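Coordinate-derived values only; no laboratory data. Since this is a predicted model, take the numbers as computed values, not measurements. Positions of Cβ are generated from backbone atoms using ideal geometry, with glycine treated the same way; all protein chains shown enter the neighbour counts.
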Amino acid sequence: MKRVVITGVGLHPFGRFDGTSTTDMGVRAVRAALKQAGVGRGGFQAAFCGTAYGGVATGHKVLSRLGMTGMPIVDVEAGCASGGAALMLAAGAIRAGQYDTVLVFGTEKMPKGVIRSSFFEPWQEEAGLAATPAFFGLRAQRLAVNSGVTKQHLAQVVVKNRRHGASNADAMYQKEVSAEEVLASRVVCEPLHLFMLCSPNEGAAAVVLTRDDRLELPAPAPITLAGAVLRSHLPGAVLSESTPLSGLVDDTVPPPSTLAATAAFEEAGLGPSDLDVVECQDTDAARELLSYEELGLCQPGGSAALLESGATGLGGSLPVNPSGGLLSKGEPLGASALGQVVELVRQLRGECGARQVAGARVALSHTVGRGANAGVVVLTR
Amino acid sequence: MAYIDRMRVMVKEGLFTDGDPPSLLGSHCAACGARHFPRHDTCPYCAAEDPEPVELSRRGTLWAWTAVTAAPPGYAGETPYGVGVVELPEGIRVIARLTESDPAALSLACPMELRIVPLHVDGDGNDVITYAFAPALPS
């Protein structure tokens, strides 16, 4: 099979940028990625743009500012996993021989506050059943029942990720917090306090993919896209990210993140024990712990112990969210997955300074959300 | 202008009955045995057509619960309000509002029963009602 490599990455910081448009942010990220890859306007044959709130032809608006060549541009919406979905499509097209080089980017300006989603019917909003943090709270409570996760554990996830984010100049929050501060913030939906939830925000990220036999002068060293998988859900899990109104009394339904991770590991010929660094969905603090279990970083029920061991902090055996995660960066839906990929490419190249995971060779990115959509990407150097 | 009684209007038709006692309207798939809420015309588990309409059990046990402390977009009712998952004896878990908005007042597997509750008064002066679960009275 043809090897797909990443030759350039670019980012617009995540945060709030009044006066900067979705298009402006996308242009900045795309320009940086193309420049790093040494690719000009005619150097890629297709573009995939992840966005959920960008509106019609978001990708065209970005590339129209950079010299159009008539190439196909496809906007991809897959909720929190939009960027991962775009990456999967691009990699598949390259492997199939359809294109040699593809630009993948995501750009987003989220409305402030609780995310309003057209996914829900109006009556669900009216009945109070479209409260996204309530589903997070219910999942967190089940994690407490099944895995012994306490509020103190949830606070420690926030403390860890904000500590990591303190050295990330592209993050929205670059200030550490204490467990006391986290637990003193107001309760949004028990057991979740405000500081345990990420902020929807704005940002953009871009990646250039190419077939490795096309490479002439790999500088910086190319990173291999070893697996890129998008999965949806199986029916039956009442608290699935597909947010159904009912489910079955059945706790064996594999979640979409597990489906995606299993397929991505198979595609890469690797497993959880091969990983050196992970960026995972930490929309809320419990979601990170749930991700440890769903991605196979620990046994079912083992997430609290894995956190307590210190393994998932910088300096540990498997740092998770060295970028600071969504809890530090915020979450621009269409850009968040590619933001993780940009961080991991930089980690694998050894460019991350104070938050560098020493000697990282295998990395995994994970996003999951509405749909359900779960995206898992495995990168190697 | 003549006095007119306020009407009770369902937040959405076809989800529940407003009788005494009330019920949730579900369906049962003869092909795979799954029970659904809300009612479906194709089984969401196995795609068999025309599942049988059924009324679901009015009593169950609490499987997960929380409370929403700030009004989410599109919601005009009171806050805080409870949201939870109730497990019904026929093997289905249903997401619903809870009449109890203090999570500390509830416990895992406590018995719950179906109620029809007012949500808010709409622009025409009607009471908009919906389904919810309340801690069950001893039977």
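Numbers below:
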quantity: Residues A:D284, B:D20, sorted so that the one with the fewest Cβ neighbours within 10 Å comes first; calculated: B:D20, A:D284
quantity: Charge sum, other residues only, whose C-beta stays under 13 Å from A:L259's C-beta, Lys/Arg counted +1 and Asp/Glu -1; calculated: -3
quantity: Summed side-chain charge close to A:A86 - residues other than A:A86 whose Cβ falls under 13 Å, Lys, Arg +1, Asp, Glu -1; calculated: -3
quantity: In order through segment B:21-34: 3J(HN,Hα) via Karplus (6.51 cos²θ - 1.76 cosθ + 1.60), integer Hz, x for Gly, Pro; calculated: x, x, 8, 8, 9, x, 8, 10, 8, 5, 6, 10, x, 6
quantity: Burial order of peptide ranges B:42-53, A:132-143, A:34-45, B:67-78 (average beta-carbon count within 10 Å, highest first); calculated: A:132-143, B:67-78, A:34-45, B:42-53
quantity: Under-5 Å amide H pairs with A:V238, H placed in peptide plane, nonlocal only; calculated: A:L248
quantity: Taking chain B and dividing mean pair separation by its residue count, relative contact order in percent (alpha carbons under 8 Å, at least six apart); calculated: 22 percent
quantity: Residues in segment A:327-345 that a label on A:E351 would reach, taking backbone N under 12 Å of a point 7 Å out along Cα→Cβ; calculated: A:342-345
quantity: 10 Å Cβ neighbours from other chains, averaged over peptide A:91-104; calculated: 0
quantity: Chain A: most fluctuating residue of A:S365, A:S178, A:S246 per GNM, C-alpha cutoff 10 Å; calculated: A:S246
quantity: Pairwise label distance in nanometres, A:R65 with B:D127, each label 7 Å out on the Cα-Cβ vector; calculated: 5.5 nm
quantity: At q = 0.09 Å⁻¹, base-10 log of I(q)/I(0) for the protein assembly as shown (Debye sum, equal scatterers on each alpha carbon); calculated: -0.65
quantity: Between helix A:151-165 and chain A: long-axis angle, C-alpha atoms, 0 to 90°, nearest 10; calculated: 30 degrees
quantity: Nearest 10 degrees, 0 to 90: helix A:22-37 Cα axis against chain A principal axis; calculated: 60 degrees
quantity: Sorted by Cβ density within 10 Å, fewest first, the residues A:V357, A:V368; calculated: A:V357, A:V368
quantity: Backbone HN-Hα couplings from phi across segment A:227-236 [Karplus 6.51/-1.76/1.60, Hz, Gly and Pro as x]; calculated: x, 8, 10, 10, 9, 9, 10, 9, x, x
quantity: Net charge contributed by nearby residues that have their C-beta within less than 11 Å of A:F195 (K/R +1, D/E -1); calculated: -1
quantity: Of B:P44, B:G33, B:P21, farthest towards positive along the dipole that unit charges on Lys, Arg, Asp, Glu beta carbons give segment B:1-78; calculated: B:P21
quantity: Electrostatic dipole magnitude of segment B:1-124 [Cβ: Lys, Arg +1; Asp, Glu -1; Cα centre; debye, to 20]; calculated: 260 debye
quantity: Whole-number percent relative contact order across chain A, with pairs defined as alpha carbons under 8 Å at least 6 apart; calculated: 26 percent
quantity: Gyration tensor (alpha-carbon) shape descriptor, chain B, a/c threshold 1.5; calculated: oblate
quantity: Choice from A:P332, A:P319, A:P72 with maximal GNM fluctuation in chain A (Cα, 10 Å cutoff); calculated: A:P72
quantity: Mean ellipticity per residue at 222 nm, deg cm²/dmol - from DSSP H runs of n ≥ 4 across the protein assembly as shown, formula -39500 (n - 2.57); calculated: -7500 deg cm²/dmol
quantity: Chain B: most fluctuating residue of B:A104, B:A34, B:A96 per GNM, C-alpha cutoff 10 Å; calculated: B:A104
quantity: Too-long pairs where the Cα-Cα distance tops 26 Å, listed order kept, from A:K61/A:K175; A:K112/B:K12; A:K2/A:K109; A:K109/B:K12; A:K35/A:K175; A:K151/A:K175; calculated: A:K61/A:K175; A:K112/B:K12; A:K2/A:K109; A:K109/B:K12; A:K35/A:K175
quantity: Distance between segment B:90-139 and segment A:131-170 - C-alpha centres, whole angstrom; calculated: 28 Å
quantity: For segment A:92-122 and segment A:305-324, distance of Cα centres in Å; calculated: 28 Å
quantity: Helix axis angle, A:333-349 relative to chain A longest principal axis, alpha carbon, degrees; calculated: 70 degrees
quantity: Within 10 Å of each Cβ in A:116-127, the average number of Cβ atoms from other chains; calculated: 5
quantity: Average partner coverage of A:235-242, which counts Cβ from other chains inside 10 Å; calculated: 3
quantity: About the Cα centre, charge dipole magnitude for chain A (Lys/Arg +1, Asp/Glu -1 at Cβ), debye; calculated: 1020 debye
quantity: Least to most buried among B:K12, A:K175, A:K329 (fewest other Cβ within 10 Å first); calculated: A:K175, B:K12, A:K329
quantity: Dipole of segment A:1-148, positive direction: furthest Cα of A:G40, A:W123, A:A52, with charges on the beta-carbon; calculated: A:G40
quantity: Per-selection Kirkwood Rh - segment A:336-381 (Cα, Å, 1 d.p.); calculated: 11.2 Å
